[in-house]
Amino acid sequence: MKNILITGGAGFIGSHVALELLESGYNVVVYDNLVNSSKESLKRVEELTDKSIKFYEGDCLDEDYLLEVLKNEEIEAVIHCAALKAVGESVKKPLMYYHNNITGTLSLLSAMDKANVKNIIFSSSATVYGKPKSVPITEDFPKGECTNPYGWTKSMMEQIMTDLYTSDNSWKVVLLRYFNPIGAHKSGRIGEDPKGIPNNLLPYVTQVAIGKLPYLHVYGNDYDTKDGTGVRDYIHVVDLAKGHVKAIDNLSKLNGVEVINLATGKGYSVLDIINTFEKVNGIKINYKIEARRDGDIAQSYADATKAKELIGWVAQNGLEKMLEDSWRWQKNNPNGYEQ
Ligand code: UFG
C-alpha cells in the first residue's frame, strides 16, 4: 500500500482528498500547521472511513521537520495543498503570502529532493489563466496576468516545479488546476469552514441561508454573460478529491510535468447559483446587486477532456447535488468545526 503525504490535509480540499485516498486503499499522512484548518476534520474523516490518519502538526517552512516526516513515513508521493488562499488578504499582505506560499513550497521541494521523494501533485488554480482569451479554457491556453498576490503565488509555484523537472527528469509533477470547488461530503460531516466573513460565493450563500449574514452582495450584473452576473465552473469537492486519487493511481503512466484542469466543463452564473440553491433547498436567498469586485473576470469555465483522456477522471455531480451538499454541511454545522 502506498503512503501519501498531504500538506494542508486538514483543510477543506485536503480533508476530502484524505477521505477519498483512504477509501481507495492508500495510507494517508497529513502535515498541516492548522492556521486555517481544524484537526476535527481529520477525526471525522477517520470516523467516516473507519481508518486512521497519521497527523503531523507542522509548517511547510520547517524543512527539517518535513524531511524527517518524508523519511520516517516512507512517502511515495506528496499532494501539496498547504497555502494561504484569501485573495483580498493577499493584496493587503503580499509579503506574508509570498513568504508562506513560495518559501514554504521551496522548503517542501528541497526536503522531497533530499528524501528522494520526487512525485508531487500540486493544488493549482484556474486563476493562473488570468483573463482567458475565450472559454472553455484548455490546458494549452497561455498563463495570464494574475490580479492578486495569491494568484501569482500559484502561478510561480507551478513555474518552480516546472523548472525543477527541467533540471532533474526523475521528478513527476502534476499541476491540478482547480476551477471553483464547492459542496461537501454527502454525510454533512466535513466541509468548508472559512474563518470570518467568507470571500467565496458558496460559503457566503450558505451563511445567508442560515441567517448569519443578512444578504448576499452580487458583484455586478453588467458582465457580458447570459444574465450579466459572473460565470464560473463549479465543481463538487468530492469529484475534485477523486481527481487527486486518479492522478496518484496513474502516476506510473505520467511523465514530466502534466497540467490538468479539474472542472465540469459547465458554467453557471451567480443568479443560477441563487435560483438553484433556493429550488433544491427550499430557502430564500436575499441578495443585492452591487458594483463589480476588483479583479473579477466575466467568465471562467474549462474544457475537462484532458483529465478524462489522461487519468480517466470525469466529474460526476451536478449543480443541484453540489448545492444540496453545501447546505447539509452548513445546516448541520452552523459554526463549522467549532463545537
Ligand atoms: N461573488 C458574488 N458575491 C460574493 C462572492 C462572489 O457575487 O459574495 C461572485 C463573484 O463575483 C464571481 C463568482 O461569484 O462571479 C465566484 O466568486 P468566488 O469568490 O467564489 O470565486 P472566484 O472565481 O473569484 O475565485 C475562485 C477561488 C480562487 C481561485 C479562482 C480561480 O476563490 O482561489 O476561483 O478562478 F483562484
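The values are calculated or read from the model by the stated rules, or taken from the named source; none is laboratory data. Since the model is a prediction, treat every value here as computed from it, not as a measurement. Here the Cβ positions follow ideal geometry from the backbone for every residue, glycine too, while neighbour counts run over all protein chains shown.
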task = Mind listing whichever residues of region 1-46 are surrounded by fewer than 21 Cβ atoms within 10 Å (Cβ to Cβ), hydrophobic (A, V, I, L, M, F, W, C) and closer than 18 Å to LEU70 by Cβ?
result = MET1
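Looking at TYR219, TYR223, TYR204, TYR178, which one is modelled with pLDDT of 95 or more and either touching a Pro at 6+ places or on another chain (Cβ under 8 Å) or basic (Lys, Arg) (or both)?
After applying the criteria, what remains is TYR204.
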ask   = Does region 234-254 contain any residue that is near the ligand (Cβ under 10 Å from one of its atoms) and not in a loop (DSSP other than H, G, I, E, B)?
value = yes
query = Restricting to helices (runs of 4 or more DSSP H) lying wholly in region 22-110: which have 2 or more residues that are within 24 Å of LEU175 (Cβ to Cβ) and in contact with a Lys or Arg (Cβ under 9 Å, 6 or more places away or on another chain)?
reply = 63-72
query = Can you tell me how many residues in region 280-295 are part of a loop (DSSP other than H, G, I, E, B) and of a type in the set (A, V, I, L, M)?
reply = 3
query = Does region 177-193 contain at least one residue that is within 9 Å of the ligand (Cβ to nearest atom) and either of a type in the set (Val, Ile, Thr) or more than 21 Å from VAL270 (Cβ to Cβ) (or both)?
reply = yes
ask   = When the residues of region 72-98 are filtered to those that are among the small types (Gly, Ala, Ser) and within 16 Å of the ligand (Cβ to nearest atom), which remaining residue is farthest from THR7 (Cα to Cα)?
value = GLY88
note = Subset of region 111-136, residues closer than 30 Å to ALA298 by Cα, more than 12 Å from the ligand (Cβ to nearest atom) and not in a loop (DSSP other than H, G, I, E, B), comes to ILE121, PHE122
Given (1) hydrophobic (A, V, I, L, M, F, W, C); (2) under 30 Å from LEU22 (Cα atoms); (3) part of a helix (DSSP H, G or I), index of the condition VAL314 fails = (3)
task = Please identify the pairs in which a residue from region 272-294 that is more than 15 Å from GLN330 (Cα to Cα) and away from the ligand (no atom under 11 Å from the Cβ) has its Cβ atom under 6 Å from the Cβ atom of a residue that is part of a helix (DSSP H, G or I) and among the hydrophobic types (A, V, I, L, M, F, W, C), counting only partners at least 6 apart or on another chain.
result = THR276/LEU319; THR276/LEU323
query = Of GLU89, GLU158, which residue is of a type in the set (Asp, Glu), surrounded by fewer than 19 Cβ atoms within 10 Å (Cβ to Cβ) and within 20 Å of the chain's Cα centre (by Cα)?
reply = GLU89
remark   = When region 204-227 is checked residue by residue, the ones that are over 13 Å from ILE274 (Cβ atoms), more than 7 Å from the ligand (Cβ to nearest atom) and in contact (Cβ under 8 Å) with a residue 24 or more places away in the chain are GLN207, ILE210, LYS212, PRO214, ASP222, TYR223, ASP224, THR225, LYS226
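With the requirement that a residue be basic (Lys, Arg), closer than 28 Å to ARG293 by Cβ and surrounded by fewer than 23 Cβ atoms within 10 Å (Cβ to Cβ), what does region 220-253 give you?
Passing the criteria: only LYS226.
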key: Odd one out for LEU323, checked against (1) closer than 26 Å to TYR219 by Cβ; (2) in a loop (DSSP other than H, G, I, E, B)   = (2)
request  = For residues that are among the small types (Gly, Ala, Ser), over 21 Å from GLU258 (Cβ atoms) and touching a residue at least 60 places away in the same chain (Cβ under 8 Å), scanning just region 301-339, find the one that is surrounded by the fewest Cβ atoms within 10 Å (Cβ to Cβ).
outcome  = GLY336
remark   = Within region 296-305, residues within 9 Å of the ligand (Cβ to nearest atom) and either over 22 Å from GLN207 (Cβ atoms) or assigned to a helix (DSSP H, G or I) (or both) come out as ILE297, ALA298, GLN299, SER300
Pairs with Cβ under 8 Å, 6+ apart, first in region 122-150 and within 30 Å of MET96 (Cβ to Cβ) and among the small types (Gly, Ala, Ser), second surrounded by 16 or more Cβ atoms within 10 Å (Cβ to Cβ) and modelled with pLDDT under 95 = GLY130/THR147
